[in-house]
1. Testing L37 on (1) at pLDDT below 80; (2) of a type outside the set (D, E); (3) surrounded by fewer than 14 Cβ atoms within 10 Å (Cβ to Cβ), one condition comes back false. Which one is that?
2. Name the residues in the stretch 210-244 that are buried (at least 18 other Cβ atoms within 10 Å of the Cβ) and among the aliphatic types (A, V, I, L, M), would you?
3. Looking at the stretch 646-676 only, could you name the residues that are within 19 Å of R590 (Cα to Cα) and over 23 Å from the mean Cα position of the chain (by Cα)?
4. For the condition without any contact (Cβ under 8 Å) to a residue 12 or more places away in the chain, over 30 Å from G558 (Cβ atoms) and part of a helix (DSSP H, G or I), what is the one hit in R603, R594, R665?
5. Taking A752 as the residue in question, decide whether it is over 31 Å from the mean Cα position of the chain (by Cα) and either at pLDDT below 90 or outside any helix (DSSP H, G or I) (or both).
6. Look at the stretch 530-577 and say how many of its residues are part of a helix (DSSP H, G or I) and charged (D, E, K, R).
7. Output the qualifying pairs, or none if there are none: Cβ atoms under 6 angstrom, residues six or more apart or on different chains, first residue in the stretch 700-717 and under 13 Å from A680 (Cα atoms), second residue of a type in the set (V, I, T).
8. Please go through the stretch 510-526 and give me each residue that is surrounded by 13 or more Cβ atoms within 10 Å (Cβ to Cβ) and over 15 Å from A585 (Cα atoms), ordered by number.
Amino acid sequence: MRSTLRRLLAARRRYAPFIFLLPTVLIVLAFQIAPVLFAFIISVMRWDAVEGMAAAQFTGLDNYVWVFLEDEWFGATLGSTLWTLVVSGALIHLTAIPMAFFIQTRLKRYRNTLLTVYFLPFLVSAIILQFSFSILFGNSPEAPVNALLLAIGNFQLLGIKPFALFFPTEPIAWAFPMGPYLAPGPWLSVLLVWWHYIGWNVLLYVAALQSYPKDHSEAARMDGANAFQELIHVTIPHLRPMIFFASTLTVVIGITEAGGVADYMFYLSFSQGDFGAACVIGVILFLLTQAIVWGVWAFICQRPALSMEPVVDTPPSRLATLWRTHIWRPARSLAIRWLASPPPKSAEHLRGFDGMRAIACLAVLAHHLGQRLLGYAALPWLFLPAWSLSINLNIGVSLFFVLSGALLSMPFWNRYLDHQSPPDLLGYVARRAARIAPGYWVALLVCFIVAGYALPETKYAAERSLAGFFFVSAFHYISFFPSDLNGPFWSISLEVICYALLPLLLLPAWRLIPDRDPARTQKYLMWVLIGLQIAHFAIVALFPTDAFEKGWQYGNIGGAKEWLPHRNPATFMTMFMLGSYASFAIARRRREPRAIVAEEFERPGKWALLWALLVCFFLGSGGEINPISRQPYVTPLFPAICAAALYFINFSDKLAAIVDNRLSRWIAKLSFGIYLWHFAVIELIRIYIQPKFKFMGITNFWVWAGYSALVIACSLILAALSWYLIEQPMLRGVQRWLARRTPSSAATIKPASI
């Protein structure tokens, strides 16, 4: 009897935890796992809930094919949702963490009051909040926000609008029409989401900071850390579990509420009765949410682990060993041997720069080809993000300017930090002229002659070509585009202007900082960048273009009116000087006694490239002026990220080898010729072969792909002819002349920089 009782008691102890867990397991099965499985089942059926389960018909993958390849609306709503999620989510957490930190550490006396004030918007209904924002942010000039901004922007003092540098002078379109209603625009949606959820996230981070060890903060202060350094290096690592939790909530709420994809699911299911397609979208969102959350987990916690601790490596399986040993490693070795570039001939070689030049060249080429395709009609929504990215890839022009600034500044900084005299300016001018002028002049002359036959209606053709010949076309909207046949010629004049301005901005450092102190030099460069930004906004305010025949519908001259005065030498010189800043950082780091460890630069370089891609995709505005920076190419943010990428890649090992592969170095060698000739080939195809090969003119992907291949082939042939017959002979001739003139000047600027 006693043994039986003991067995019963032991069984109760063994199964008691499972009995307590059973209600939770049943709830999870009933309300989480079962609905997901039901959605998977319905996604392969044609079913209307009104008719009951008996009416469900198995259709296989037809619903998936329709959603992925035929549906026109899901891609747009999903893209809007993801855009709002990424931008608003980043903004929320980048502001909530510092706010929580300073509330907890500096404003602890007012913590409860501040948290209450910040949390109030979260308690307001989303409908009321959206209604209030629609009143405040109306499109009309009389709307409160527009009225306030216009009053500041149009304020005149002695006939000048001093605040027009930073405030709009025309009403901002915060919303766009959607049928009879006005839907919030993308930036208004971001602001609305931020306002609604910022208080909730601040509350979460303040709660997490309650367990923040005070001795960590005291140790950081004793080591001399300021508030910002303490936040970055001490507080944020402590907040990693809460950052993951808050980010997960942001992802789930953003996908289910922001951007309209949830509303579209509701429309398909309850308005159209197509529950099968709606469940397909639900399955996609479920998998997408899991992937994003897993990625956030891996990024914040370094490696996913349920305990939030690093995972202990386990021995690989036999299949994994077979894959790595006999397939992956041999294939990788073969690819590396084929793509690997020969080692640099000089220790002064800037690693990764050739690869980045190839990326810039291919970005501009992809942009101009992507403009010829009407993506919404020619592509399924699954491929629309790639097409949208191509529209924003004109941002590669900015990378060209950053690269030029970095390459041309390096000889200056090398001699500056070595306490030597400035480089030979005659050699600098000769090399720049030999690199740019011959190839450009030949292309300009050929385009002028061909355009006389192909585009006889061109206005001011001779005057514009003459201005382009002397590199002064950027100063007026009539001459801004030297050739209607070859639009990209507009940047050559601005680049030559930057060539001329670079010594004027660098040489004063020799006199102003005679001890060559790197810290003071860094401050000097920062003031130069600030001055260039002030000059940009001053030019925009003082030299606006008139509204007569302004816009791309009036041709290139009208388009130049639209572009100017925002595309001015000051903003492009900002890109140039950010590249110069990168080369200064490289030259300075090379002279530091601390050893350079390539592994320390691998991960920052990868993140810099990723951030450049994200900024291009989410903040790029095609050919328009960016609404945030009010400058082209998201200046100064995107050029600064590119400059950081150049710095990190130069000191990396694996990343530099990948970027500077054999193919990219070959493209970089021909990049100037590709840039000069590809657009003329596109226009000639439009004029003589396919009239629809124009802006958003092609609606068939395969037709577009065929003509794009023809453009690429012709551009490579013309670029190779330009390099081997014009550019390379001129560069070698100048090198020989400079070597005869002064033997030391030939080493002033390395061949890699020309």
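1. The one condition L37 does not meet is (1).
2. Hits for the stretch 210-244 are A220, L231, V234, L239, M242, I243.
3. D653
4. None of the others qualify; the one that does is R603.
5. no
6. Taking the stretch 530-577 first, the residues part of a helix (DSSP H, G or I) are 530-542, 552-563, 569-577.
Going one step further and asking which of them are charged (D, E, K, R), we end up with 561-562.
Going through the stretch 530-577 one residue at a time, the tally reaches 2.
7. Once the first residue is under 13 Å from A680 (Cα atoms) and sits in the stretch 700-717, its partners that are of a type in the set (V, I, T) give V711/V681; V711/I682; C714/V681; S715/I674; S715/V681.
8. W510, I513
The values are calculated or read from the model by the stated rules, or taken from the named source; none is laboratory data. For clarity, every value in this text was computed on a predicted model and none was experimentally measured. Note: ideal-geometry Cβ built from the backbone for every residue, glycine included; neighbour counts use all protein chains shown.
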